[in-house]
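The block underneath contains the structure these notes are about, expressed in structure tokens.
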Amino acid sequence: MIKGFIGTSLVDYPGKIASVVFFGGCNYRCPFCQNSWLVSEQKLSQLPTLEVSAVAEMTALRSKFIDGVVLSGGEPTLYPSLIRQLLSTIKSLSSGKLWKVKLDTNGSHPEILVELINQNLIDYVALDLKTSPTKYDQLTGCLNSFEKVNDSIRILSQAPIDSELRTTFVPGLTDKPELIEMMPYIRAAKKYALQPFRPQDTLDETYSSITPYSGEVLHELAEWIRQQTSIEVIER
């Protein structure tokens, strides 16, 4: 189900102006989630569901101004048939313009990722590497959750499309010990992005009182990662 739409974004697709489509619902329950309005069942029920045709038309109206479309959430891969329908409808209304498509995902459905890549439906994937493998179940609220994520990381490392791993650094969940454990997976990425935690509208309200890392601390972590790997490291 589609629960949100931004017509023009300068920050959601690296190097491109894009429309952003938000899918409601997620199979993870990460307490620091900053899109709680798309995850909390109570909040989600208060949002209208947008029809595919309406979203496609709103995107097509911006054809002169945008370069791409971002599928975000929530977790879009919960709705593979809806993704196919949306992208097919957008393509039919695009007057021949070939927009790039970026997928934001938690990596929990590697089989859907493979399908979307093989069908040439996506051009860029941003996958959230949330914490160390040993802490993954604690954070996501799901059993054996890192196994699927690991499969998705491996798929992206071999896929003929651009991709990045990204981590939101949350004090107590992603500190230096977790980062050390995450490094083998970071090294497998094409790019890696560090993101600051923002304590607003979190799924677990107690996280709204956590003080985020300073920009200086995140920069130090980024520099440490650069010393450990040859991939591009992005600070956001």
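Read the figures in this text as sums done on the coordinates, not as results from a lab. Since we're looking at a predicted model, the values are computed, not measured. Ideal geometry is used to build each Cβ from the backbone, glycine not excepted, and the neighbour counts take in all protein chains shown.
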Mean residue ellipticity (222 nm) of the chain, computed from DSSP H runs ≥ 4 via -39,500 (n - 2.57), nearest 500:
-10500 deg cm²/dmol
Could I have the simple spin-label model distance between Arg187 and Thr8, label points 7 Å from Cα toward Cβ, reported in nm to one decimal?
4.4
Hey, in the GNM for the chain with a 10 angstrom Cα cutoff, which one of Pro199, Pro76, Pro48 fluctuates hardest?
Pro48
For the ranges 159-171, 99-111, what's the packing order if you count other beta-carbon atoms within 10 Å of each residue, average per peptide, and put the highest first?
99-111, 159-171
So for the chain, if I pair up every lysine 8 or more residues apart or on another chain, how many of those pairs have alpha-carbons under 16 Å apart?
17
Inter-part distance where segment 121-139 and segment 9-29 are each reduced to a Cα centre, Å
15
Restricting things to alpha carbons, tell me how big segment 59-100 is in terms of Rg and Dmax, in Å.
10.9, 30
What are the ³J(HN,Hα) couplings of segment 206-223, residue after residue, when phi is run through the Karplus curve with 6.51, -1.76, 1.60 and θ = phi - 60°? Round to Hz, x for glycine and proline.
5, 6, 5, 9, 7, 7, x, 4, 6, x, 5, 5, 5, 5, 4, 5, 4, 5
Quick shape summary for segment 92-161, equivalent ellipsoid via Cα gyration tensor, semi-axes whole Å in descending order, reads 28, 12, 9
Let me check the size of segment 153-192 from its C-alpha atoms; what are the radius of gyration and Dmax in Å?
11.4, 35
Zone reached by a paramagnetic label modelled 7 Å from Ile234 Cα along Cα→Cβ, restricted to segment 21-42 with backbone N below 19 Å, covers 21-22, 34-35
What residue among Glu75, Glu57, Glu216 shows peak mean-square fluctuation when the chain is described by a Gaussian network model with Cα springs under 10 Å?
Glu216
The chain: C-alpha gyration tensor shape, a/c 1.5 cut-off, then a/b vs b/c:
prolate
Please report, in debye to the nearest 20, how large the charge dipole of the chain is about its Cα centre when each Lys and Arg carries +1 at its beta carbon and each Asp and Glu carries -1 there.
640
Out of Ala159, Ala56, Ser214 - ranked by how far each Cα lies towards the positive end of the dipole of the chain, with unit charges on the beta-carbon of charged residues - the top one is Ala56
Along the charge dipole of the chain, which of Thr202, Thr168, Gln85 sits closest to the positive end, that is, farthest toward it, with unit charges on the beta carbon of Lys, Arg, Asp and Glu (+1, +1, -1, -1)?
Gln85
Candidates Gly141, Gly73, Gly15; GNM for the chain (alpha-carbon contacts under 10 Å) flags as most fluctuating Gly15
Using Cβ contacts closer than 10 Å as the measure, can you line up Val233, Val11, Val125 from fewest to most?
Val11, Val233, Val125
Just to be sure I understand: of the beta bridges DSSP finds with both ends in segment 2-235, what percent are antiparallel, rounded to 5?
20
Name the residue farthest towards the positive end of the dipole of segment 2-235 from the options Met183, Ser19, Val149, assuming +1 on Cβ of Lys and Arg, -1 on Cβ of Asp and Glu, about the Cα centre.
Ser19
